[in-house]
Structure formats: structure tokens, C-alpha cells
1. Sort R124, R24 by accessible area with a 1.4 Å probe, largest first.
2. Normalising by the residue count of segment 113-210, find the relative contact order in percent from Cα pairs under 8 Å and 6+ residues apart.
3. If you rank R101, R174, R201 by how much accessible surface each has, with a 1.4 Å probe, what is the order from largest down?
4. With an 8 Å cut-off on Cα pairs and a minimum separation of 6 or more residues, tell me the relative contact order of segment 1-146 in percent.
5. Within segment 97-203, which chymotrypsin sites (Phe, Trp or Tyr not before Pro) sit in a loop by DSSP and count at most 14 neighbouring Cβ atoms inside 10 Å?
6. Which of the DSSP-defined H helices in the chain satisfy a minimum axial length of 20 Å, computed from C-alpha atoms, and a minimum mean Kyte-Doolittle hydropathy of -1.0?
7. Quick check for you: with a 1.4 Å probe and neighbouring chains kept, what is the accessible area per residue of the chain, in Å²?
8. Using 0.36 nm per residue, how much length does the chain from A71 to T188 gain when fully extended, once their Cα-Cα distance is taken away?
Amino acid sequence: MQGQYDKAFQAELRDLMRWRRDVRRFRTDPVEAAVLDRCLSAFSLAPSVGLSEPWRVISVESDAARAAALANYEAANAEALAGYGSEKAQLYAGLKLSGMREAPVQLAVFSDDDTPKGSGLGARSMPETRAYSVVGAITLFWLAARAEGLGIGWVSIIDPVQLARDLDVPAEWRLIGYLCVGWPEAETKTPELETAGWEKRNPALFVERR
């Protein structure tokens, strides 16, 4: 039956999800345009509420734009560090939480919350589903990139309003993710935060029944 896959494919898919890992340590080697385009094409395969396709992707390339994004991150990171107590702060200060200095490709992904596409279907009662749609599209992009050998790091320690100003995007666009993309320095199936002792992954999903 079309759409059903054998056990070997299922195992490879699960392995791909394990290797997906958030990457913060990149080589500076460039990413070929054709490779990046193949990965970005995953956005067009993603589900979206009302078929609204609200994702808007900005390639952050100029020195000025990258410098502004990096300064934004550094300010937000310093503020976050100040919010932790001494023991946790020491651990936090030793974490590498951004690959913005090394990653050859950097993308700012927004949700167009006022898009007319889809005519509001499915989003009138839950308008946040547009943002959820963008997150789903990013996930597909992430898996496609991993299949090409690329790594992605999602930078969330950032002021989204300031970044939107610096990139001069429309007011109705909301930042969902700032993504660093490139070739990983090393391969690992273990989250770096787990290796560093920040947190542990739950072994299994617990589903409540009511």
C-alpha cells in the first residue's frame, strides 16, 4: 500500500530523528546552494492551518545584519545568565548556546500572522496555530538538513522584537526561530545540554488517560 514503509526505512527514520540534534559547534565551510535549496524545499511539504503557509524565511547574510543579530543574542544571553543562582549560573556560563559566529548559513524564520492565504480557516479560534505551522515546517527542514549531513542550531536567546526591527520585516511578522545552519564539528546522538549536565531527557513519553 502506498504510504507504508518497510521496517528498514522505519528504523532509518527513527535513527534520523535521533541524529537530528541541536548543533552549536559548526565548521565554517560553506554550504552549497543546491544542498540548502533541497533542504528548504521541505517547507513546501509542511502542513499548515487552513493551507495558509504562513512561514517567511529571511537569509541573514550581510555583515551588518549578522552583527546586529549577534549583539542581540549576547545582550539576551547576559540577561539570562544574571537570572540564575550561583551554581546554575556557573554551569550556564560554560555552555555554548549559539553557533552564530561560525555557522555559514543563518536564517530568521517568521510567521505572517495576518496572511490572507487560507482565509482564516482553522485559525479564528486558535490564531497561534499559524505559529505552530511554522514550527512544523522548521522540523521538516531540520530533518531534511540532517539527511544531507547538515546541522541546525535554534537560537531562542534573542529579543524577537529587536531582531524584527533590525531585519526591517513587516510589523505583522512574528519571529519563530533564528536558525544557524552548517556542517557540524562532530556527530552525536546525545543532546549537548545532557552531556554538559544541564538536564536529562525523559526516557519515554507519559500519556495521561482521562
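1. The most accessible residue leads, giving R124, R24.
2. Dividing the mean separation by the residue count of segment 113-210 yields 25 percent.
3. I get R101, R201, R174, largest accessible area first.
4. 45 percent
5. Working: sites: F110, Y132, F141, W142, W154, W173, Y178, W198; in loops: W198.
Answer in residue order: W198.
6. Length and hydropathy pass: 63-82, 129-147.
7. 61 Å²
8. Computed gain between A71 and T188 is 39.2 nm.
The values are calculated or read from the model by the stated rules, or taken from the named source; none is laboratory data. Since the model is a prediction, treat every value here as computed from it, not as a measurement. Cβ sites come from the backbone with ideal geometry, for glycine too, and all protein chains shown count toward neighbours. Side chains are part of the model used for accessible areas, which takes the heavy atoms of the whole protein and leaves out ligands, DNA and RNA. Shrake-Rupley method; radii C 1.70, N 1.55, O 1.52, S 1.80 Å.
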